[in-house]
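The block underneath contains the structure these notes are about, expressed in structure tokens.
All of the numbers you see were taken from the coordinates with simple rules; none came from a lab. Note that the structure is a prediction, hence the values are computed from the model and not measured. Glycine gets a Cβ as well: all are built from the backbone with ideal geometry, and neighbour counts include every protein chain shown.
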Amino acid sequence: MRTSDRDSRRYRLIAEGTTMSPLSRRTFLEAALATGILSTLPASRSLASETKKRLVAGTRTLEVNGRAARVYSLIGPGERPGIRLRAGERFRVDLANHSGQQTLVHWHGQLPPWTQDGFPWPETPALGDGAVQSYDYRPIPGTYWMHSHHGLQEQVLMTAPLIVEDETALREERQEIVLMLHDFTFRSPEQVLAGLTNTNAGSPRPVVQRTDDRSGHAVSTQHSAMPGMMNMGGSAMAGMMNVAGGDAAAMQMSGSGAAAPRMDLNDVDFDAFLANDRTLTDPEVVHVSRSGRVRLRIINGASSSQFWIDLGGLTGNVVAVDGRAVRPVAGQRFPIAMAQRLDVLIDLPRTGAFPVLAGLEGSPRRTGIILATPGSRILRVAEQGQIAPPVDMSLETRLTAAEPLRARTADLVRTILLDGSMKPYSWSIDGEMWPHITPLMVKQGQRVEFELVNRTMMSHPMHLHGHSFQVVAIDGQPIHGAVRDTVLVMPRARVRIAFDADNPGRWAFHCHNLYHMQTGMMAEVRYDGIAA
Ligand SMILES: [Cu+2]
């Protein structure tokens, strides 16, 4: 990028980023001129650092399969979804709630002080309709996202990208393309949950209650009694998947694992899968400049669905997961669990139109966008493809952090049991179901390792708030894995994560399947000395 281009781009971003009215902006400029600020600081820097961004939680109408649906929105500067920050810029955001409901937005994967994490602790309650809350913290660069952590709003698309530029990525001079995935249903999420739990939709369980009531622990769960560990190799799973809803018929496949226990996939039968809010009947066509050099920032914002990213005939390089750089891994198909992100660099080999697809695991259903160079002909892509296998650890085992944790012996090692079942539909961590949980206590300065042991027949994408962890072992095999914020734990499998306890507070630790979380699969990591 030439200097002049970069400057004009910066000014454009500042103009989009400002939340001042023309009047207040002029007043600021006049005041700044009067005090000489502008004569001593570069105008772009001083304006940007003084300017807050405004993010509005609201509602909008979205057309899906020719039918209108009322969904939430998170709209930032420039009337675009979410927030984009320049390298070095602080996360200075006023969140204004115009959603008509209480809400609270979590900055997924970011490391703010715990009181700015957007989790509805008793100390940091949800915002009422009409309320505004200010946030100000130093963000970490990369591909992040934001979503409501209040009730089931995430399912109704209270979600948006949160992109923090970094100098390295800018120097690559690649066209950035955000691809955000969703699962969509015309039913209310309360109805979906009621269908899963066989309860009345009129009284959905709140996902967050006061957690300072510790009177009622000791919620026992049924541990499914499957002896031994399974070989979870990808294609071996075909033929032993249980799927809910409409994909069951598609699962009549031959498989080698007739005697193996069956894995459960896709709790919910969704009406559509969205890529940047659109389906393949009317996909987004992203015009790629002639250079054909792109950075895909892929975000799985689905509440209960996992995908295989399929680049078709293209080869891409995964260079970051969950916002954190990894040594490049080349490939054409990459799994992405709920809440995870993938940064994929692609150099288009020629002009033309290139679909980037996301195939639902255990299903032929898919969604996606089209990358198109100027003048290329866009061909329609069918909404059904080949049945995708379960999302697995094939990528995770190949990942190596570009900036790993410092080598250090753990001060605290905890085995954490993930339990639960489809019938009854309930899920737990260490035998306890949110909110009746005992906090996992850590001390500031400790190196902590969690050995996550999944004793269920579903995979669980486990997310720790406020920390980046490194994946250090899979099924007992040590690896120098990725640093990330969400890791999948396959059925009957174990994953060990390590993190430094360097961000004191109360932090949620949960499965990112919204319905697993809602029915119990959430715990708290709490620092010694944090009152609650
Ligand atoms: Cu789960």
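A straight Cα-to-Cα reach below 12 Å connects Lys53 with the aspartates and glutamates Glu16, Glu79, Glu89, Asp94, Asp136, residues fewer than 8 places away in its own chain not being considered.
Applying a 10 Å radius around every beta-carbon, put 147-153, 412-418 in order of their mean neighbour count, most first.
Details: 147-153: 25.0, 412-418: 16.1.
In descending order of packing, they fall as 147-153, 412-418.
Please work out the Cα center distance from region 53-113 to region 116-169, rounded to the nearest Å. Taking the Cα centre of each part, region 53-113 and region 116-169 sit 8 Å apart. Given q = 0.10, 0.14, 0.16 Å⁻¹, what are the Debye log10 I(q)/I(0) values for region 401-480, with equal point scatterers placed on the Cα positions and solvent ignored? Relative scattering, expressed as log10 I(q)/I(0), comes to -0.30, -0.57, -0.74. Packing around the peptides 371-382, 109-120, 53-64, taken as the average count of other Cβ atoms within 10 Å per residue, puts them in this order, highest first: 109-120, 53-64, 371-382.
What order do you get for Tyr144, Tyr515 when you list them from fewest to most C-beta neighbours inside 10 Å? Walk me through the intermediate numbers first.
Numbers: Tyr144 25, Tyr515 22.
The fewest-first ordering by Cβ neighbours comes to Tyr515, Tyr144.
Here each label is just a point 7 Å from Cα along the line to Cβ, and for Glu403 and Asp129 those points are 4.3 nm apart.
The separation of region 256-328 from region 432-466, counted between C-alpha centres, amounts to 26 Å.
What the Cα convex hull of region 79-148 gives, in volume per residue, is 89 Å³.
Order 434-445, 398-409 from most to least packed using the mean count of other Cβ atoms within 10 Å. All intermediate terms of the calculation are to be shown ahead of the outcome.
Details: 434-445: 16.9, 398-409: 13.3.
By packing density, highest mean first, the sequence is 434-445, 398-409.
If R0 is taken as 41 Å, the Cβ-Cβ distance between Arg171 and Asp502 corresponds to a FRET efficiency of 0.90. Taking the Cα of Arg138, stepping 7 Å toward and past its beta carbon, and measuring to each backbone N in region 101-132: which are under 13 Å? Residues 111-113 qualify, since their backbone N sits under 13 Å from the label point.
Restricting to region 60-185, what percent of DSSP beta bridges are antiparallel, rounded to 5?
Looking only at bridges with both residues in region 60-185, the antiparallel portion is about 90 percent.
Near Val525, within a Cβ-to-Cβ distance under 11 Å, what is the net charge of the other residues, with Lys and Arg +1 and Asp and Glu -1? Walk me through the intermediate numbers first.
Values: positive: Arg414, Arg506, Arg526; negative: Glu524.
Spelling it out: positives minus negatives among the neighbours equals +2.
Based on the Kirkwood radius over alpha-carbon pairs, what is the Stokes-Einstein translational diffusion coefficient of region 378-532 at 4 °C with 1.567 mPa s viscosity, in µm²/s?
79 µm²/s
Just check region 48-195 against the gyration tensor rule for me: Cα atoms, a ≥ b ≥ c as the square roots of the eigenvalues, rounded for a/c under 1.5, and otherwise prolate or oblate depending on whether a/b exceeds b/c. Cα axes put region 48-195 in the oblate bin.
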